[in-house]
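Report on the following structure.
No lab work stands behind these numbers, since they all come straight from the coordinates. From a predicted model like this one, the values you see are computed outputs, not experimental measurements. Note that we place each Cβ from the backbone using ideal geometry, even for glycine, and neighbour counts take in every protein chain shown.
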Amino acid sequence: MKKLYVFAAIGIISTALTYCSSARKAARAAAAAKSTYTTAVAPVVASSCSPCHISGKGNKKPYDNFANVKSDIDEIIRRIDLNPGEKGFMPFRRATKLSADTIAIFKKFKEDGLLEN
């Protein structure tokens, strides 16, 4: 009878460890995924910074290209972190701040090394 309990315990432990290992691997893979301008930032610029920061449509510096965003990332993050009514707040024409998730996209892009693709 003791052998049965030992085999059952070994089976349960190995099953639990298998799932723990998979969860850890998935978490590491998600953390390792790098944010890039093309995959993460460009869609946000198109939806949240248009038309002011789009080439040929606005009168501000265009952020629909990697080089401009890369060179201005610190200023972009500073300004989108401001609250409405504060000098320099962006997006200028909106009465509300960008969502925390949207701001996090720019911060992760910087943390991940300002990659283009």
Taking only C-alpha pairs under 8 Å that are 6+ residues apart, what is the relative contact order of region 37-111 in percent?
24 percent
Over 19 Å between Cα atoms, which of Lys70/Lys97; Lys87/Lys107; Lys57/Lys108; Lys60/Lys87 qualify?
Lys70/Lys97; Lys87/Lys107; Lys57/Lys108
Long-range amide H contacts for Thr36: which residues qualify at under 5 Å (H placed 1.01 Å from N, peptide plane, sequence gap of 5 or more or a different chain)?
Val41
For the pair Asp112/Lys70, report the inter-label distance in nm, with labels modelled 7 Å from Cα in the Cβ direction.
1.5 nm
